[in-house]
Amino acid sequence: MTALQELEKRFARAIRIDEAASWLHWDQSVTMPKGGILDRSEQLAVLAEASHAIISNPEIGDLLATASVKDDVWYQANFREMQRMHTAATAVSPELVTALAHAKAKSETAWRLARNENDFNVVLPAFEPLVNLVREEAAALGDAKALSPYDALLDQYDPGRKANEIETIFDRLSQFLAEIIPEIIEKQGKWPSEPAIRADVTDQRKMGIRLLKTIGFDFEHGRMDESIHPFSTGTIEDARITARWDKDDALSGLMAVLHEAGHAAYTRGQPKVWRNQPVGAAAGMTMHESQSLTFEMQAGRSREMSSFLSGILNEAGYRTSADYVRRALQFVQPSYVRVEADEVTYPIHIILRFELEQGLISGDLQPKDLKTAWNDHLETHLGLPGPDDLEGCLQDIHWFDGAFGYFPTYTLGALTAAQLFQTAEKEIGKEKLATELGNGDYSSLQDFMAREIHSQGCLHASSNDLIAAVTGRPLSTDAFETHIKHRYLD
């Protein structure tokens, strides 16, 4: 067996272990009884240790130093990703990996309890030690990669991306939103005032399944369940999503279904020939979010899909019209909860989190002060007074599960989705794509994304490189601005 073959074997084993851990996370969020947290914490810690031990093993370093790589772009990209993973793994000690796994499980469980009691103080005793451990992890990764601690965390979710680049993009986006949001709100002030569509949760679940089947979700290789926070996880052969239903707003749940289905499509579309190899994974979370937001925002909230969605609601006995659905999905108004925000004000929620999490990692913001800082930022950015904890700093799972550096990818993904959708319209044909969406048909859109994004895995060194390769230009706010102006003002 050659050095390269030995590397492929070992990395495949580590990736399989990570997949097993993802199923335990899925079970923890969907079906696990509350009393199972101690066992689950130990199980996840053991798997994290096992995966880390494989990739950080000094023998991996020796194999990387001696391996002969084929003169093929895929093999070379896979080797590059192996080096990247080994560098990150050797930067963090096994003891820290174990401590983080325990702390994440405890903090996430405490977060669920805190949400039930609507009290940030309930999670704080578990959150504070987690933040300290993440700071330690960030410093170690930064030293190994010659990055700042926060940039090192960003690199985990969007390789190559740095905070100063994001700040430049977000500054431009903030200026655009500050100018256009009042204009949109003034225009929509003339719309008729109608209540949200209330629907029985059982009916919503059936509508969600109907929607998934129509857009091409394969229930032979996937499933839909429910969780506090909608998410997607899985493998090429088993992609799972969860939804959250709101009896007072049926469209909220259906949009979450579309969003997570976009993630699942990416998971299922990754290159099978490179299954269980680093290059076969998604090209970071900016690309992953671009797929979910293409499904939900670019296509799902379009005028054409509004017609199809109104048909689903009418079939279930909830009388409505395409115009009403369109107005409900495109209504712009500052709000407290990120996952329920419209696509125009949504980036402001991300900019708020981007600023706060940098403070948490640098130490300029302490966990105990997060609630106050959150409410202050909310009033500054959205003009809203401080909410209760449930609609404030407890609304997202990410930080309480140790995921720092993830949030910026949501808005970077929205900008990418606009740029990709613009390219897809040119290739597929604007009228053809609109007609298909009017029938809930995502096939041409999925074919484009599967060919240009999903099947490419990590062939490109960064999401920036992949975006430029597909759209012919680097990521910017231009396509998103054009999209917002067209949808909301034209």
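The values are calculated or read from the model by the stated rules, or taken from the named source; none is laboratory data. Since we're looking at a predicted model, the values are computed, not measured. Please note: Cβ atoms are built from the backbone with ideal geometry, for glycine as well, and neighbour counts cover all protein chains shown.
For VAL134, work out the one condition from (1) at pLDDT 95 or above; (2) touching a Gly at 6+ places or on another chain (Cβ under 6 Å); (3) closer than 30 Å to ALA450 by Cβ it doesn't fulfil.
(3)
Quick one: which helices (runs of 4 or more DSSP H) sit completely within segment 232-335 and have at least 2 residues that are over 22 Å from the mean Cα position of the chain (by Cα), buried (at least 18 other Cβ atoms within 10 Å of the Cβ) and of a type outside the set (D, E, K, R)? Walk me through it before giving the result.
Working: elements: 250-269, 285-293, 303-315, 322-330.
So the answer is 303-315, 322-330.
So the check is Cβ under 8 Å with 6+ separation or different chains; which pairs have a first residue in segment 335-348 that's closer than 17 Å to ILE169 by Cβ and a second one that's of a type in the set (Phe, Trp, Tyr) and surrounded by 19 or more Cβ atoms within 10 Å (Cβ to Cβ)?
VAL344/TYR488; TYR346/TYR410; PRO347/PHE170
If the Cβ limit is 7 Å and pairs must be 6+ apart or interchain, which residue in segment 457-486 that is over 24 Å from LEU154 (Cα atoms) pairs with which residue that is among the hydrophobic types (A, V, I, L, M, F, W, C) and not in a loop (DSSP other than H, G, I, E, B)?
GLU481/PHE176; HIS483/ALA418; ILE484/ILE180
Does any residue of segment 64-73 turn out to be closer than 16 Å to ALA281 by Cα and either among the hydroxyl-bearing types (Ser, Thr, Tyr) or assigned to a helix (DSSP H, G or I) (or both)? Quick ask: steps written out before the conclusion?
The first filter runs over segment 64-73 and keeps only residues closer than 16 Å to ALA281 by Cα, leaving 73.
Okay, now just the ones that are also either among the hydroxyl-bearing types (Ser, Thr, Tyr) or assigned to a helix (DSSP H, G or I) (or both), so 73.
Checked against the condition, which is being closer than 16 Å to ALA281 by Cα and either among the hydroxyl-bearing types (Ser, Thr, Tyr) or assigned to a helix (DSSP H, G or I) (or both), segment 64-73 yields at least one hit.
HIS381 is checked against (1) under 27 Å from LEU475 (Cα atoms); (2) in a loop (DSSP other than H, G, I, E, B) and fails just one. What number does that condition carry?
(2)
Among the candidates ARG198, ARG172, which residue alone is farther than 30 Å from ARG319 by Cβ and assigned by TED's automatic domain parsing to the domain that holds PHE331?
Numbers: ARG198 fails: farther than 30 Å from ARG319 by Cβ.
Of ARG198, ARG172, the one residue that is farther than 30 Å from ARG319 by Cβ and assigned by TED's automatic domain parsing to the domain that holds PHE331 is ARG172.
Here are ARG172, ARG112: which of them is at pLDDT below 95 and surrounded by 13 or more Cβ atoms within 10 Å (Cβ to Cβ)? Walk me through it before giving the result.
Details: ARG172 fails: at pLDDT below 95.
Only one candidate qualifies: ARG112.
Residues that are at pLDDT 95 or above, in contact with a Lys or Arg (Cβ under 6 Å, 6 or more places away or on another chain), within 29 Å of GLU304 (Cβ to Cβ) and of a type in the set (Lys, Arg): does segment 200-219 have at least one? Give the derivation first.
Step one: list which residues in segment 200-219 are at pLDDT 95 or above, which gives 200-219.
Filter once more, so that each one left must be in contact with a Lys or Arg (Cβ under 6 Å, 6 or more places away or on another chain): 201.
Narrowing further to those that are within 29 Å of GLU304 (Cβ to Cβ): 201.
If we keep only those that are of a type in the set (Lys, Arg) as well, we get none.
Within segment 200-219, none of the residues are at pLDDT 95 or above, in contact with a Lys or Arg (Cβ under 6 Å, 6 or more places away or on another chain), within 29 Å of GLU304 (Cβ to Cβ) and of a type in the set (Lys, Arg).
So which of THR416, THR409, THR380 ends up being of a type in the set (Ser, Thr, Tyr) and over 17 Å from LEU154 (Cβ atoms)?
Working: THR416 fails: over 17 Å from LEU154 (Cβ atoms); THR409 fails: over 17 Å from LEU154 (Cβ atoms).
Exactly one of THR416, THR409, THR380 is of a type in the set (Ser, Thr, Tyr) and over 17 Å from LEU154 (Cβ atoms), namely THR380.
How many of the residues in segment 448-464 are charged (D, E, K, R) and surrounded by 15 or more Cβ atoms within 10 Å (Cβ to Cβ)?
Step one: of segment 448-464, the residues charged (D, E, K, R) are 451-452.
Applying the additional criterion that residues be surrounded by 15 or more Cβ atoms within 10 Å (Cβ to Cβ) yields 452.
Within segment 448-464, residues that are charged (D, E, K, R) and surrounded by 15 or more Cβ atoms within 10 Å (Cβ to Cβ) number 1.
Restricting segment 366-419 to residues that are more than 22 Å from GLU117 (Cα to Cα) and of a type in the set (D, E, K, R), which is modelled with the highest pLDDT?
Here the residue is ASP376.
Where residues in segment 226-253 are out of contact with any His (no Cβ under 6 Å at 6 or more places or on another chain) and polar (S, T, N, Q), which of them is nearest to ASN314 (Cα to Cα)?
Ranking the qualifying residues of segment 226-253, first place goes to SER252.
Hey, can you tell me all the residues within segment 353-378 that are in a helix (DSSP H, G or I), of a type outside the set (A, V, I, L, M, F, W, C) and more than 19 Å from the chain's Cα centre (by Cα)?
GLY359, SER362, PRO367, LYS368, ASP369, LYS371, THR372, ASN375, ASP376, HIS377
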